[in-house]
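The values are calculated or read from the model by the stated rules, or taken from the named source; none is laboratory data. From a predicted model like this one, the values you see are computed outputs, not experimental measurements. A quick note on method: Cβ atoms are made from the backbone with ideal geometry, for glycine too, and the neighbour counts reach across all protein chains shown. Ligands, DNA and RNA are stripped out before the accessible areas are found, and what is left, the full protein with its side chains, is counted by its heavy atoms. Shrake-Rupley method; radii C 1.70, N 1.55, O 1.52, S 1.80 Å.
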Amino acid sequence: MRILVTGAAGFIGSNFVRNLLANAYAGWEDAGVTALDKLTYAGNRDNLPAAHPRLEFVQGDVCDLGLLRDLLPGHDAVVHFAAESHVDRSLEGAGPFFRTNVLGTQTLLDAVLDSGVERVVHVSTDEVYGSIDEGSWTEDRPLLPNTPYAASKACSDLVARTYWRTHGVNLSITRCSNNYGPYQHPEKLIPLFVTNLLEGRQVPLYGDGRNIREWLHVDDHCRGIHLVLDSGRAGEIYNIGGGNERTNRAITERLLELTGSGEGMIRHVADRKAHDLRYSIDESKIREELGYVPQIGFEEGLAATVAWYRDHPDWWKAVKYGADRDHG
Ligand code: NAD
Ligand code: DAU
């Protein structure tokens, strides 16, 4: 068995690969992994083992059809994480988002068709649904993305579906809520705020802080992806969530407590453009069909995450103050 993981040096892709190599996923204990990543500002080779007998790392672009055609033969499955992932960056410039997220997905799936890979999971996001004031999204809700990032993910989600419907690729799509955990780039809310507070710096809370996100530990997201990879039905979409809805204000206050910081560390800043008010996932399909149950409680997971950043300053300082210094 051999699996190709795109975006494998990013936050979630690297979690999936590390857990797979640690034999966390039944049925994949002996599987080899090809970790493909362009190593953009968001990709970090240090997120993966330097060497492992079952791991091959390839630096490359999902838009490179020739590379993918060379690479894919011999693989049984593909899990497609690679994307431009940060909403704020998409507000400054949408080009890389549509290139990687849309053209990259189409290019990858063309190569899948050529090579006859048997199984594909496309990792999408709950942001494709837009914003919801009440209730929760089921998989049949219309896609109403509000930012270039979300639109590019909605496009790629639809591109993926067409390769199932048109060409019969055995492909499933996941749509997950906000992830948190170790190795997340400190441009995102939780690692940005934790690392700022560990440095004694203020945290930039957008608008009134009342926007709501649904949080899930990255280990649980990857557990869900593994279930979909193994048992998900072709052409189906699976929401993955954790049920932990929190306002950004509540998250910020908890992070102040966990780092022993005072209220004065909050800096209220202008709101994000097109800032979605609330995300909420109905995940009954993956629970009922595949037996998915998240295992990490939010309070426990958040405390462990803060502890991880406290214990790994070398990792986040290199990311935050290395080549790319443009954060908060
Ligand atoms: P990330 O930004 O941490 O990682 C993305 C990775 O993709 C990086 O390693 C980057 O180098 C790589 N990459 C970017 N462009 C590439 C290209 N053209 N070719 C090859 N590799 C390329 O993102 P993440 O948070 O790990 O998200 C992974 C996936 O999960 C994305 O598709 C994202 O939309 C989705 N998702 C994320 C969340 C979340 O909360 N972070 C939630 C739901 C879904
Ligand atoms: O819902 C899934 C999505 O979650 C993924 O598809 C995206 O890839 C991922 O980045 C994430 O998107 P968000 O926009 O929700 O995450 P972010 O961490 O950027 O912001 C979370 C919330 O915190 C959001 O309401 C904006 C707010 N925020 C964020 C930053 C970076 C702030 O108030 N201040 C900040 O500095």
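The stretch 16-100 holds helices (runs of 4 or more DSSP H) entirely within its bounds, and those carrying 2 or more residues that are over 23 Å from V120 (Cβ atoms), in contact with a Pro (Cβ under 9 Å, 6 or more places away or on another chain) and modelled with pLDDT of 95 or more map to 87-92. Of the strands (runs of 3 or more DSSP E) that lie entirely inside the stretch 179-263, those containing 1 or more residues that are farther than 28 Å from F81 by Cα span 203-206.
The residue of the stretch 170-216 that is farthest from ligand 1 (Cβ to nearest atom), among those that are of a type in the set (V, I, T) and farther than 22 Å from D271 by Cα, is I173.
Taking the stretch 79-131, which residues are open to solvent by 30 Å² or more (accessible area, probe 1.4 Å), more than 22 Å from I3 (Cα to Cα) and near ligand 1 (Cβ under 9 Å from one of its atoms)? Once the filter is applied, which keeps residues that are open to solvent by 30 Å² or more (accessible area, probe 1.4 Å), more than 22 Å from I3 (Cα to Cα) and near ligand 1 (Cβ under 9 Å from one of its atoms), the stretch 79-131 yields S85, P96, R99.
Among the residues of the stretch 95-107, are any within 14 Å of ligand 2 (Cβ to nearest atom), in contact with a strand residue (DSSP E or B) (Cβ under 9 Å, 6 or more places away or on another chain) and touching a residue at least 24 places away in the same chain (Cβ under 8 Å)? No, the stretch 95-107 contains no residue that is within 14 Å of ligand 2 (Cβ to nearest atom), in contact with a strand residue (DSSP E or B) (Cβ under 9 Å, 6 or more places away or on another chain) and touching a residue at least 24 places away in the same chain (Cβ under 8 Å).
Suppose we keep only residues that are within 11 Å of ligand 2 (Cβ to nearest atom) and not hydrophobic (A, V, I, L, M, F, W, C) within the stretch 132-156. Which one would you say is surrounded by the most Cβ atoms within 10 Å (Cβ to Cβ)? The residue in question is K153.
Of all residues in the stretch 264-302, those being outside any strand (DSSP E or B) and more than 19 Å from E187 (Cα to Cα) number 24.
Selection of first residues in the stretch 1-12 that are within 12 Å of L48 (Cα to Cα) and of second residues that are acidic (D, E) and open to solvent by 30 Å² or more (accessible area, probe 1.4 Å), restricted to Cβ pairs under 9 Å at least 6 apart or on distinct chains, gives the following pairs, ordered by first then second residue: A9/D46.
Scanning the stretch 157-167 for residues that are in contact (Cβ under 8 Å) with a residue 24 or more places away in the chain and away from ligand 1 (no atom under 15 Å from the Cβ), we see that the one that is most open to solvent (accessible area, probe 1.4 Å) is R165. Considering A274, A250, A270, the condition of being free of Cβ contacts under 8 Å to residues at least 12 places away in the same chain, farther than 30 Å from A31 by Cβ and within 13 Å of ligand 2 (Cβ to nearest atom) is satisfied by A250 alone.
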